[in-house]
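The values are calculated or read from the model by the stated rules, or taken from the named source; none is laboratory data. Computed from a predicted structure; not experimentally measured. Here Cβ is always computed from backbone atoms with ideal geometry, including for glycine, and neighbour counts include all displayed protein chains. Keep in mind that these areas ignore ligands, DNA and RNA; they rest on the heavy atoms of the full protein, side chains included. Shrake-Rupley method; radii C 1.70, N 1.55, O 1.52, S 1.80 Å.
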Amino acid sequence: MHQLGSFYNRVVQPAVRVLETACQLYPNKVVLSYNGGKDCTVLLELIERFSFDIPVVYFKETDAFPELNQFVESRLRKTNLKTLEMGSDIKKEMQTLVDMGYEAVILGQRSSDPQCPGGFFAESTPNWPKFMRVLPLLNWSYTDIWKFIKETDSEYCILYEKGYSSIGPMSKTLPNPVLNGRPAWELFDSSSERKGREPKL
């Protein structure tokens with residue numbers, strides 16, 4: 001990991017410190033919300049590589065790409081971390097997690113994402129079960145995400161090789177027209193990351 005040089009000091013190490021803080025504040029009460037996307041891919045890699053004992057929660061979406069489901073199932077079979085498969089009603093399932101004693105959830109949100117909180121730790125939104133959102137990748141850029149994935153040889157969903165730069169529900173996600181079929185890491189204008197997140201016509 002230290003072969004990443006200045007990138008490690010600037011980007012990776014701060015994210016690891018957030019994970020360490022979360023584990024200190026919420027010992028045995030923090031989980032990773034994992035959906036197979038590129039940001040969660042980075043988080044799972046960090047948790048494994050730095051030997052955090054954090055369970056992984058997977059919400060089984062009804063409108064997910066088959067390729068994404070296949071990747072998630074394959075990737076989670078390879079982890080030694082405890083995994084919890086939950087239903088598609090995230091709000092309801094979050095209440096289940098809270099009832100199980102979990103108090104914090106690690107998410108892959110970055111500052112460029114819509115409605116992203118402004119800090120590494122943020123309480124859940126009103127009318128949701130009460131838990132702490134933990135955002136280790138808050139200050140990472142789109143380029144940082146792909147630099148980490150490629151330079152650490154992390155596994156990722158095959159859709160990112162087919163022109164998708166941001167993956168949401170299958171019915172509302174298209175390949176990014178800016179990429180024109182090229183892989184996600186060739187998108188150099190990060191402001192265009194979510195161009196494919198439009199309802200299908």
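Here are the numbers for the structure shown:
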item	result
Options D63, D99; residue that is open to solvent by 30 Å² or more (accessible area, probe 1.4 Å) and in contact (Cβ under 8 Å) with a residue 40 or more places away in the chain	D63
Residues within the range 139-164 that are surrounded by 15 or more Cβ atoms within 10 Å (Cβ to Cβ) and more than 24 Å from P14 (Cβ to Cβ), tallied	5
Check on G108, assigned to a loop (DSSP other than H, G, I, E, B), of a type in the set (G, A, S) and touching a helix residue (DSSP H, G or I) at 6+ places or on another chain (Cβ under 9 Å)	yes
Residue in the range 1-13 that is modelled with the lowest pLDDT, counting only those that are in a helix (DSSP H, G or I) and open to solvent by less than 40 Å² (accessible area, probe 1.4 Å)	L4
Conditions (1) crowded, with 16+ Cβ neighbours inside 10 Å; (2) without any contact (Cβ under 8 Å) to a residue 60 or more places away in the chain; number of the one not met by K130	(1)
Flag if V18 is more than 18 Å from the chain's Cα centre (by Cα) and among the aliphatic types (A, V, I, L, M)	no
